[in-house]
Every structure is written in C-alpha cells, then in structure tokens.
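Q: One structure, as structure tokens, below. Some questions next.
The values are calculated or read from the model by the stated rules, or taken from the named source; none is laboratory data. None of these values were measured; they are calculated from a predicted model. Please note: Cβ atoms are built from the backbone with ideal geometry, for glycine as well, and neighbour counts cover all protein chains shown. Please note that ligands, DNA and RNA were not included when accessible areas were found on the heavy atoms of the full protein model with its side chains. Shrake-Rupley method; radii C 1.70, N 1.55, O 1.52, S 1.80 Å.
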Amino acid sequence: MKSDFLKYQAQTTPHPLSFEVDRAEGSYIYHKNGKRYLDFIAGVSACSLGHQHPRVKAAIHKQVDSYLHVMVYGEYAQEAPVQLSKLLASLLPDSLNSTYLVNSGTEAIDGAIKLARRVTGRTEIIAALDAYHGNSYGALSLMSLEERVAPFRPVIGDIAFIKFNCEKYLERITTKTAAVVLETIQGGAGFIEPQRDFLKKVKARCQAVGALLVLDEIQPGFGRTGKLFGFEHYNVVPDILVMGKGMGGGMPIGAFTASYENMRLLSDNPKLGHITTFGGHPVIAAAALATLQEITETTLIEDTLKKEQLFRTLLVHPLLTEIRGKGLMLAVLTPSAEVTSQVILKCQEKGLILFWLLFEGRAIRITPPLTISEDEIREGCAILVNVLDQINM
C-alpha cells in the first residue's frame with residue numbers, strides 16, 4: 001500500500017510519513033503491521049471524540065439507511081443539517097443564529113469573506129501576521145508568509161495585516177475595512193493566545209468604524225479549549241463565527257455562523273450568492289450533530305481543563321522550554337526545530353503519534369481526542385519524556 005500511496009496519490013510534502021493505517025479505535029491507531037499507536041493528534045484536532053465513537057457511528061449508520069445526498073445545499077429541508085444548525089443557535093450568543101454549512105474550514109473562511117464584503121459594501125479584509133486560515137484561494141490570501149503565497153499569486157486583493165496582540169496596529173482598521181479575520185488562538189504560529197483583552201479591543205474598533213469581526217474557531221472550537229468555543233474565554237462575540245475540524249467528529253465539515261439578517265444577504269442580489277453542492281450533506285451533518293450533542297451533554301468540556309493540567313504536570317523536562325495553548329490545544333516547545341523533529345519521529349517509533357505546527361518549528365503539537373483518558377495521557381507523556389532523555393544536544 002505504501003508504494004501505491006506514493007505513486008498514485010498526490011502528496012503534500014516530499015517525504016510523507018506514509019503510515020499504513022489498518023484501523024483506529026478510541027485513542028489509538030493501528031498500523032498494518034499490527035502495532036498500536038497512541039494518538040496525541042486526533043487527525044490534527046479533527047477527531048474530537050476519538051476514533052469510531054459509538055454515538056457518531058450510530059448517527060452515520062442511521063442516516064445512511066435513510067438517504068445520502070439528495071439536493072444542492074439550501075433547497076430541501078433535511079433533518080440532520082436543520083437540527084445541527086438549530087442546536088448551534090441554542091448554544092451560541094443570540095446574534096449568532098444562522099449557520100451556513102460547508103465542506104471544510106477553509107471553505108467557511110471563503111464564505112465569511114464574501115459575507116463580510118456583502119454586508120458592509122466594503123472590500124478591505126484585515127488578517128493577522130503569521131495567521132493560518134486554510135489553503136483555498138480566499139483563505140490563502142489571508143496568509144502573510146510570502147514564501148507560501150508567492151508561487152500562487154495573484155491571490156484575492158485588498159488584504160492588509162495587523163500584528164496579533166499588538167494594539168498599536170488597531171488604527172489600521174478604518175471605515176474602508178469590511179472585516180478583521182482572526183484566529184481566536186493563533187494555530188500555525190504556535191498556539192498563541194490573545195493577551196490584554198486584545199480581541200475585545202479589536203471588536204470595539206470594528207464597531208467604531210462599522211467593520212465586522214470574524215473569528216476563526218476551526219481549531220479551538222467544539223470544546224477543545226475548555227469552552228464550547230474559544231471566544232468564550234475572552235469576553236468577545238464575533239459578528240461571524242467560522243468553524244470546522246472537530247465539528248464533525250472525524251467527518252469533513254465546516255460552517256460559518258452570523259445573524260439571520262446578515263446571512264440572508266447571500267440568498268438574494270444576487271441569488272445563489274454563495275452555493276455548495278455537498279455542504280450540509282446529511283450523513284456528515286448527522287455525525288456533526290451527534291458530536292455536538294456528546295460534547296455538550298457530557299463533562300468532556302470541563303474535563304478538558306483538568307486534562308490540560310495533567311499534561312502540564314507531567315511534561316516537565318530540561319528540553320521543554322514552554323507549553324502554550326489552552327485545554328487540549330497545546331504546543332510544547334523545545335530549543336530548536338531539529339530537536340522537535342527528532343522527538344516527533346522517535347516518539348512515533350515508540351508508539352506515540354505527535355506532529356508539527358505549520359510555522360513554529362520548535363513546537364510539538366499535542367491535540368488528542370477530548371475523550372482521551374488520564375491513563376492514556378500518562379502513557380503518552382511517559383513515552384515523550386523518555387525520548388527527551390535520549391536526545392543529545
């Protein structure tokens with residue numbers, strides 16, 4: 001399978017890990033050779049309830065037995081996407097009551113950009129330096145790292161940048177600005193949290209000039225930070241909320257949520273202002289609904305903060321310089337990118353799956369399933385510390 005994978009399937013890096021997956025269950029992935037690996041990554045934050053969660057599987061099976069795709073998005077009323085959108089509205093602030101379901105987080109970012117321009121009649125979009133919102137052309141346009149953007153120019157225009165957590169940049173938000181798009185917690189940059197009420201101050205500036213605040217919760221959302229959505233930690237409510245990854249419990253989905261008054265603008269002048277064939281797919285929506293129900297009807301969210309403290313207690317070592325993030329969205333930093341890569345690869349050899357962050361080479365990503373047990377956390381941290389002991393500086 002590995003040779004066919006490398007030959008026939010398009011690759012994203014010159015040297016992919018090429019892990020041959022046999023099956024996955026709970027917090028473990030099983031290799032074709034029979035070896036079991038503890039998963040501290042959860043599909044890069046996507047498998048929020050671990051692998052093969054029974055509630056998600058049951059919802060998928062039930063929907064498959066009824067119908068699959070029946071009509072382009074937004075024309076037919078289908079129970080799973082309707083109930084998912086309704087439940088989201090009941091859990092979010094009153095101003096966030098209308099959800100557009102799409103296929104991924106990056107597609108949701110594109111939809112949010114379009115909606116912001118449609119609502120305000122303006123074109124300028126402001127993003128943060130070192131942000132990562134996805135790789136479709138709209139989302140890629142919000143990336144400041146020129147070496148990643150340059151090969152694909154021209155991207156969409158009228159994009160400006162501010163520095164995350166730097167108040168002096170707020171004056172760049174003006175009456176020309178349609179929206180400011182920020183990750184609630186910067187992901188690829190190293191799991192950087194907002195400081196000193198930064199998000200609250202951005203929202204105030206947006207309100208002062210008539211711009212919208214778009215918060216990207218693709219990674220922090222769905223319980224990962226100890227709240228259902230990360231923005232709940234920071235006393236701010238976005239005008240448009242973007243979500244994805246952990247929303248589907250391992251199935252591909254994204255969404256953007258705004259007020260009904262604003263969202264309806266995408267349905268007229270022009271009609272079909274935003275359209276997707278497979279967004280809101282009933283099987284995927286059923287999985288997402290089951291995921292959201294499980295997260296909100298159990299103690300998983302509050303347990304996330306307890307598990308964070310266990311990680312912080314166990315991951316103490318001279319080669320670990322810092323632990324960033326919140327809940328089960330953690331980045332453990334080593335002195336160098338070289339050390340980090342050694343640790344990640346050696347841990348995989350010993351049965352622990354870790355991964356990198358996009359821009360911060362020193363960071364080891366730790367984003368396990370929310371369902372991970374304390375014993376599994378102890379097991380994985382013991383492997384990680386043991387590997388660190390073997391690193392020669």
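Q: Once phi is turned into ³J(HN,Hα) by the Karplus curve 6.51 cos²θ - 1.76 cosθ + 1.60 with θ = phi - 60°, what whole-Hz value does each residue of the stretch 152-169 show in order, with x for glycine and proline?
A: 10, 5, x, 9, 5, x, 6, 10, 10, 10, 10, 8, 4, 6, 10, 5, 5, 7
Q: Towards the positive end of the charge dipole of the chain, with charges on Cβ (+1 Lys, Arg; -1 Asp, Glu), say which of GLY74, GLY210, ILE391 has the farthest Cα.
A: Towards the positive end, the residue furthest out is GLY210.
Q: State to the nearest 20 debye the size of the charge dipole of the chain about its Cα centre, where the only charges are +1 on K and R beta carbons and -1 on D and E beta carbons. Let's see the in-between values first.
A: Working: 40 positive and 41 negative charges, 93 e Å.
Using only the charged Cβ atoms, the result is roughly 440 debye.
Q: Shifting gears a bit: Along its three principal axes, how long is the stretch 290-393 when you only count alpha carbons? Whole Å, largest extent first please.
A: 47, 28, 22
Q: Check PHE161: other-chain or 5+ apart residues with amide H under 5 Å from its amide H, H built from backbone geometry?
A: Excluding prolines and chain starts, which carry no amide H, the hits are ALA127.
Q: May I ask for log10 I(q)/I(0) of the stretch 230-294 at q = 0.22, 0.28 Å⁻¹, from a Debye sum over the Cα atoms as equal point scatterers with solvent left out?
A: -1.05, -1.16
Q: A follow-up question, please. With 10 Å bins from zero, work out the P(r) of the chain over every alpha carbon pair and list the percent per bin.
A: 5, 23, 32, 27, 12, 2, 0
Q: Please sort by residue number the trypsin sites (Lys or Arg not before Pro) in the stretch 20-74 whose DSSP state is loop and whose Cβ has at most 15 other Cβ atoms within 10 Å. Walk me through the numbers on the way to the answer.
A: Working: sites: ARG23, LYS32, LYS35, ARG36, ARG55, LYS57, LYS62; in loops: LYS32, LYS35.
Counting only loop positions with at most 15 other Cβ atoms within 10 Å, the trypsin sites (Lys or Arg not before Pro) in the stretch 20-74 are LYS32, LYS35.
Q: Just from the alpha-carbon atoms, what are the Rg and Dmax of the stretch 15-56 in angstroms?
A: When restricted to the Cα atoms of the stretch 15-56, Rg and Dmax are 10.7, 36 Å.
Q: Spelling out what I want: for every residue of the stretch 196-204, take phi, set θ = phi - 60°, compute 6.51 cos²θ - 1.76 cosθ + 1.60 (Karplus), and round to whole Hz; glycine and proline get x.
A: 6, 6, 4, 5, 4, 6, 5, 4, 4
Q: So what's the projected area for the stretch 59-143, the Cα convex hull averaged over all directions, in nm²? Please list the in-between numbers first.
A: Numbers: hull surface 30.6 nm².
So the Cα hull casts an average projection of 7.6 nm².
Q: Heavy atoms only, probe 1.4 Å: what % of the accessible area of the chain goes to carbon and sulfur, would you let me know? Walk me through the numbers on the way to the answer.
A: Working: 8860 of 17410 Å².
On the chain, the fraction of accessible area on carbon and sulfur atoms equals 51 percent.
Q: Okay, moving on. Just how large is the dipole of the stretch 35-92 about the Cα centre, in debye to the nearest 20, putting +1 at every Lys and Arg Cβ and -1 at every Asp and Glu Cβ? Before the final figure, lay out each step's value.
A: Details: 6 positive and 4 negative charges, 69 e Å.
It comes to approximately 340 debye.
Q: Hey, another quick one. Once Rh is set to the Kirkwood radius over Cα pairs, what Stokes-Einstein translational diffusion coefficient, in µm²/s, holds for the stretch 1-133 at a temperature of 10 °C and a viscosity of 1.306 mPa s? Present the calculation step by step, with values, prior to reporting the outcome.
A: On the way: Rh = 19.2 Å.
So the translational diffusion coefficient is about 83 µm²/s.
Q: For the stretch 354-393 and the stretch 212-267, what is the separation of their Cα centres, given in Å?
A: Cα centroid of the stretch 354-393 versus Cα centroid of the stretch 212-267: 27 Å apart.
Q: Let me ask something else about it. Once you sort the root eigenvalues of the Cα gyration tensor of the stretch 55-198 as a ≥ b ≥ c, which label holds: rounded (a/c under 1.5), prolate (a/b larger than b/c) or oblate (the other case)? Could you put the intermediate results ahead of the total?
A: Working: a/c = 1.94, a/b = 1.83, b/c = 1.06.
Prolate.
Q: Taking the highest mean first, how do the peptides 69-81, 276-288, 129-141, 99-111 order by number of other beta carbon atoms within 10 angstrom per residue? Before the final figure, lay out each step's value.
A: Values: 69-81: 15.0, 276-288: 22.9, 129-141: 20.8, 99-111: 25.7.
Descending mean neighbour count gives 99-111, 276-288, 129-141, 69-81.
Q: Further question: Under a 1.4 Å probe, what is the accessible area of the chain per residue, stated in Å²?
A: That works out to 44 Å² for each residue.
Q: Quick one: what Rg and Dmax do you get for the stretch 210-319 from the alpha carbons, in Å?
A: Just the Cα atoms of the stretch 210-319 yield Rg and Dmax of 17.2, 60 Å.
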